[in-house]
Every structure is written in C-alpha cells, then in structure tokens.
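The values are calculated or read from the model by the stated rules, or taken from the named source; none is laboratory data. None of the values given here were measured: they were computed from a predicted structure. Note that each Cβ is placed from the backbone with ideal geometry, even for glycine, and that neighbours are counted across all protein chains shown.
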Amino acid sequence: MGYIAEETSLRARLMPVYKRKDKSKEEIEYIPGYGNHTIKFNGQTLWVIHSLGETIVSGWDRTPKQQEWIDIYSWGNDSTNIKAFIDAAIMHKIKEDQEKVVIYQAHWCNWHRVRAKTPRALGSVILDGNNAQMLIDDMKTF
C-alpha cells in the first residue's frame, strides 16, 4: 500500500438550512475530500482512501452516475475495529436523523432520499376545523 499522509482535506457543501433566528448564516456541512486519510478509532489507526470511479449509465432513467469507492485498511488480520468503525458511522447517521422528518422523492420506480429536516411545530400549521386532528389520526393509522 504505500505511505499515507496524516493530512486531511475537506470540501464544504453549503446547505440552505437556517438554524439561527436571524437567518444570516447558512449551515455548512464539512465532508471528507477525495484522497488518503488517517483516522484514530478505538486507539487504532485506520487508513481511509476515498476515490472516484468511472461514470456509468444505468437504471430505467439512464442517467449518468459517478461511482465512489471508500477503502478502509488497518494493520493486522483482525477486522473487528473496521466493522466497529462502520457500525459507529451507521449509528451516528441514525441518531442524527432520529428526531427529523426524512423526505424521499419518487423517481421512476425508485425512491431517493432528498434530505432530513426538523419538523414544524403543530401549532404553526393552520387548518380549518378539526382537519389537523384528522390528519394526525390518519398518519398514526398509516
């Protein structure tokens, strides 16, 4: 495998989500850039290589999609720390979306996750009569 530098590159993705009341600053989500990275997890060093693959055209809609690869390496034959790292990442994502409404969009015969957002307070929804309660009852039944 070769030497992997301990520097980490980040690329920022602006998201139009306002968390402050004055709405003057956009939230910025930092995601790891492509390249080689090192991570300390449970006292062990993991080497992560994030790379782009070829662009392929697939599916019913025949849209081009660029493949991404994430390779994770550790020293030795025991892969339990890599599995624990992946499980921790999955649990982090689940916990992050736990109190949010996840929005999906139908595209042909597939569902694509669009985003997760904090739900509005029911008091901010104005409906005629008891339509709000009927809507809540319908959602609970569904």
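Going by the structure shown, is residue 68 modelled with pLDDT of 85 or more and exposed (fewer than 11 other Cβ atoms within 10 Å of the Cβ)?
On the way: modelled with pLDDT of 85 or more: yes; exposed (fewer than 11 other Cβ atoms within 10 Å of the Cβ): yes.
When the stated conditions are applied, residue 68 passes them.
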The range 80-119 - residue that is more than 13 Å from the chain's Cα centre (by Cα) and small (Gly, Ala, Ser) and, of those, modelled with the lowest pLDDT: 106
Among residues of the range 94-122, those that are surrounded by 11 or more Cβ atoms within 10 Å (Cβ to Cβ) and under 30 Å from residue 42 (Cβ atoms), counted: 3
The range 98-117 residues that are among the hydroxyl-bearing types (Ser, Thr, Tyr), paired with ones that are part of a strand (DSSP E or B) (beta carbon under 6 Å, 6 or more apart): 104/111; 104/113
Criterion violated by residue 53 - all others in (1) loosely packed, with under 11 Cβ neighbours inside 10 Å; (2) farther than 21 Å from residue 36 by Cβ; (3) not aromatic (Phe, Trp, Tyr) satisfied: (2)
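Check 142, 85 and return the single one that is over 28 Å from residue 39 (Cα atoms) and among the aromatic types (Phe, Trp, Tyr).
142
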Qualifying residue in the range 123-135 (condition: loosely packed, with under 10 Cβ neighbours inside 10 Å, farther than 21 Å from residue 34 by Cα and in the same structural domain as residue 37 (by TED's automatic domain parsing)): no
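Can you find, within the range 76-92, the residue that is surrounded by the most Cβ atoms within 10 Å (Cβ to Cβ) among those that are in a loop (DSSP other than H, G, I, E, B) and not small (Gly, Ala, Ser)?
Taking the range 76-92 as the starting set, the residues that turn out to be in a loop (DSSP other than H, G, I, E, B) are 76-79.
From what is left, the residues that are not small (Gly, Ala, Ser) are 77-78.
Values: 77: 5, 78: 10.
Applying the filter and picking the extreme gives 78.
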